[in-house]
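Since the structure comes first, as structure tokens, the remarks are kept for the end.
The values are calculated or read from the model by the stated rules, or taken from the named source; none is laboratory data. The structure displayed is predicted, hence computed values, not measured ones. In this analysis, Cβ positions are derived from the backbone assuming ideal geometry, glycine residues included, and neighbour counts consider all displayed protein chains. SASA here: full protein model, heavy atoms, side chains in, ligands and nucleic acids out. Shrake-Rupley method; radii C 1.70, N 1.55, O 1.52, S 1.80 Å.
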There are 2 protein chains.
Amino acid sequence: MCEVNAYLRKGNDETLIMEKVYKLETSEGQIRIENLFGEQKFIKVPLKEIHFDENRMIFVEPNNTP
Amino acid sequence: MCEVNAYLRKGNDETLIMEKVYKLETSEGQIRIENLFGEQKFIKVPLKEIHFDENRMIFVEPNNTP
């Protein structure tokens, strides 16, 4: 069993956006994440890194979002 | 601690491409995965799913690769 916390990085800041993600799916340019509490989120910014050993995944907000 | 095995799906078949991945990074349209044995691979086909609870990530070979 493995769970990962999802963070959104903006500049030097990281915000926790979902805890205990157990599933990630990509589809048509967006990423769906789902956690053990039955919550789901659709992420439209790029996935940058997953550190499985630290139970962290990081999405990055581009600098110039329209 | 969390480790994930990486599979490549082609049609109905799945091939193990790397065991015990502990890190994934995306950069310029490709994905770098690295495992506990110091191996790394650069993956150019899309990441489709990660099942953290099953310690599996799945890349999918498009049907019509040139």
Legend entry - Cβ pairs under 7 Å, 6+ apart, first in region A:1-16 and touching a residue at least 40 places away in the same chain (Cβ under 8 Å), second open to solvent by 50 Å² or more (accessible area, probe 1.4 Å) and among the aliphatic types (A, V, I, L, M): A:3/A:36; A:5/A:16; A:7/A:16
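Just checking, does region A:1-10 include any residue being open to solvent by 70 Å² or more (accessible area, probe 1.4 Å), within 22 Å of residue B:58 (Cα to Cα) and either more than 13 Å from chain B (Cβ to nearest Cβ) or touching a Cys at 6+ places or on another chain (Cβ under 7 Å) (or both)?
Step one: list which residues in region A:1-10 are open to solvent by 70 Å² or more (accessible area, probe 1.4 Å), which gives A:1, A:10.
Still in the list and also within 22 Å of residue B:58 (Cα to Cα): A:1.
With either more than 13 Å from chain B (Cβ to nearest Cβ) or touching a Cys at 6+ places or on another chain (Cβ under 7 Å) (or both) added as a condition, the list becomes none.
Looking for residues that are open to solvent by 70 Å² or more (accessible area, probe 1.4 Å), within 22 Å of residue B:58 (Cα to Cα) and either more than 13 Å from chain B (Cβ to nearest Cβ) or touching a Cys at 6+ places or on another chain (Cβ under 7 Å) (or both), one finds none in region A:1-10, hence no.
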Legend entry - Members of region B:11-26 that are more than 13 Å from chain A (Cβ to nearest Cβ) and assigned to a strand (DSSP E or B): B:13, B:14, B:15, B:16, B:17
Legend entry - Count of residues meeting criterion [under 11 Å from residue A:25 (Cα atoms) and of a type outside the set (A, V, I, L, M)] in region A:41-51: 2
Inset, instruction - Would you point out the residue of region A:27-49, among those that are of a type in the set (A, V, I, L, M) and not in a strand (DSSP E or B), that is most open to solvent (accessible area, probe 1.4 Å)? - result: A:36
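Residue by residue through region A:50-62, note down the ones that are part of a loop (DSSP other than H, G, I, E, B) and in contact (Cβ under 8 Å) with a residue 40 or more places away in the chain.
Kept after step one, since they are part of a loop (DSSP other than H, G, I, E, B), are these residues of region A:50-62: A:55, A:61-62.
Matches in region A:50-62: A:55, A:61.
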Legend entry - Residue satisfying all of: in region B:54-63; open to solvent by 40 Å² or more (accessible area, probe 1.4 Å) and within 13 Å of residue B:3 (Cβ to Cβ); nearest to the other protein chains (Cβ to nearest Cβ) among these: B:55
